[in-house]
Structures are given as structure tokens and as C-alpha cells.
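Engineer: Encoded as C-alpha cells, here's the structure I'll be asking about.
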Amino acid sequence: MTSKNTICLWYDGTALEAAQFYARTFPDSSIGRVIHAPADYPAGKEGDVILVEFNVAGIPCIGLNGGPAFSHNEAFSFQIATQDQEETDRLWNAIISNGGQESECGWCKDKWGISWQITPRVLSEALANPDRAAARRAFEAMLTMRKIDVAKIEAALKG
């Protein structure tokens, strides 16, 4: 990896599987080096995959197969800006149908416990709208959703 700052995500032996899913699901995502343990370690054996270098939507990451000691939570998430309902649906459905879980307001969690915000650009723009009444309507509409419905956000903006 050439980036000075890289996100390190902890997995329990599934870093390569997760990286493969991200690479085929999110644009501008890929897998780099796969590094095998040079010796036994607490969570595995010599030769096991210990590190996977990958990019998710242009963000450099390392998947560390560190074992079961730590799990992910909502304090960290990837926010993916989508262009329209089709892209929103595709990404949301990919995560959910691959063992993930729905949450509120555009959030979901993949089967490895990583949280994702699948956020249509229209929602981000609506919340920053200088017409605060329109922003409030869009915000209140969002609060009723799991996956974001672009048409409902647009309707809320219009009043």
C-alpha cells in the first residue's frame, strides 16, 4: 500500500472473504496483497492469511485476521454516497442478501459486523438545504426509513 494512512479492520479469519465481497460490490474497490503469517500466532497458524490489503470505494484498508477478541460496532462506518435509487438499492441489497442486517436511516451492517451508511446524494444535499423547513421535512422523512427512498426524500423537500 502506498497510503500513509490506512484503515485497519479486524476480522476473525475472514478478512480475505470480506475483501473479496467489497471488491465485487463497491465501485473503485480492489484487493491488493494477501500476506500469510510467517509463524504461528494466537489466532492462527503459520501460512494462514493474516493481512489483506484492499481498497473500498477508493479508501485504503487492511484486513487483519486477529481472531475473536474484538468485534465491530456502529462507532465506525463506511458512508457510501449513491447517485440514485438504483445504486442505493443495489448496494443495500448486496449487503443485506449476503448475511447483513438492516438498520435505521440508511444504515446497515454486513455479515462481518462492519456498518455501512448507504446515502443517496439527494439526502445529504437535503439535510444541508438552506431552506431549513425543507431540510426538516427531509430529515423527518429519513427518520421513518431503513433503506433511503429517494422519491420520498424528494417529495419531502417539495413539501
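Engineer: Which residues, taken from the stretch 92-121, are surrounded by 20 or more Cβ atoms within 10 Å (Cβ to Cβ) and in a helix (DSSP H, G or I)?
Structural biologist: W92, I95
Engineer: Taking F70, is it in a strand (DSSP E or B), touching a residue at least 24 places away in the same chain (Cβ under 8 Å) and touching a strand residue (DSSP E or B) at 6+ places or on another chain (Cβ under 6 Å)? Write out each step before concluding.
Structural biologist: Numbers: in a strand (DSSP E or B): no; touching a residue at least 24 places away in the same chain (Cβ under 8 Å): yes; touching a strand residue (DSSP E or B) at 6+ places or on another chain (Cβ under 6 Å): yes.
Taking the combined requirement at face value, the residue does not satisfy it.
Engineer: When the stretch 73-91 is examined, which residues are found to be in a loop (DSSP other than H, G, I, E, B) and either touching a Phe, Trp or Tyr at 6+ places or on another chain (Cβ under 9 Å) or in contact (Cβ under 8 Å) with a residue 40 or more places away in the chain (or both)?
Structural biologist: Answer for the stretch 73-91, where residues must be in a loop (DSSP other than H, G, I, E, B) and either touching a Phe, Trp or Tyr at 6+ places or on another chain (Cβ under 9 Å) or in contact (Cβ under 8 Å) with a residue 40 or more places away in the chain (or both): N73, E74, D84.
Engineer: Yes or no: E140 in a loop (DSSP other than H, G, I, E, B), farther than 21 Å from Q83 by Cβ and either assigned by TED's automatic domain parsing to the domain that holds Y11 or in contact (Cβ under 8 Å) with a residue 12 or more places away in the chain (or both)?
Structural biologist: No: the conditions fail for E140.
Engineer: Here's something else I'd like to know. Given (1) touching a strand residue (DSSP E or B) at 6+ places or on another chain (Cβ under 9 Å); (2) in a loop (DSSP other than H, G, I, E, B); (3) not hydroxyl-bearing (S, T, Y), identify the lone condition not met by A39.
Structural biologist: (1)
Engineer: Go through the stretch 96-140 residue by residue and tally those that are in contact with an Asp or Glu (Cβ under 8 Å, 6 or more places away or on another chain) and at positive phi.
Structural biologist: Residues in the stretch 96-140 being in contact with an Asp or Glu (Cβ under 8 Å, 6 or more places away or on another chain) and at positive phi: 1 in total.
Engineer: To continue, here is another question. Before we move on, is G32 touching a Pro at 6+ places or on another chain (Cβ under 9 Å) and not in a loop (DSSP other than H, G, I, E, B)? Lay out the reasoning, then the answer.
Structural biologist: On the way: touching a Pro at 6+ places or on another chain (Cβ under 9 Å): yes; not in a loop (DSSP other than H, G, I, E, B): yes.
So G32 fits the description; yes.
Engineer: Moving on to the next point. Among the residues of the stretch 13-43 satisfying the criterion of being over 18 Å from the mean Cα position of the chain (by Cα) and of a type outside the set (A, V, I, L, M), which is surrounded by the fewest Cβ atoms within 10 Å (Cβ to Cβ)?
Structural biologist: Applying the first criterion (over 18 Å from the mean Cα position of the chain (by Cα)) to the stretch 13-43 yields 13, 32-43.
Narrowing further to those that are of a type outside the set (A, V, I, L, M): 13, 32-33, 36, 38, 40-42.
On the way: G13: 15, G32: 17, R33: 10, H36: 12, P38: 9, D40: 11, Y41: 14, P42: 7.
For the stretch 13-43, the residue satisfying everything is P42.
The values are calculated or read from the model by the stated rules, or taken from the named source; none is laboratory data. None of these values were measured; they are calculated from a predicted model. Ideal geometry is used to build each Cβ from the backbone, glycine not excepted, and the neighbour counts take in all protein chains shown.
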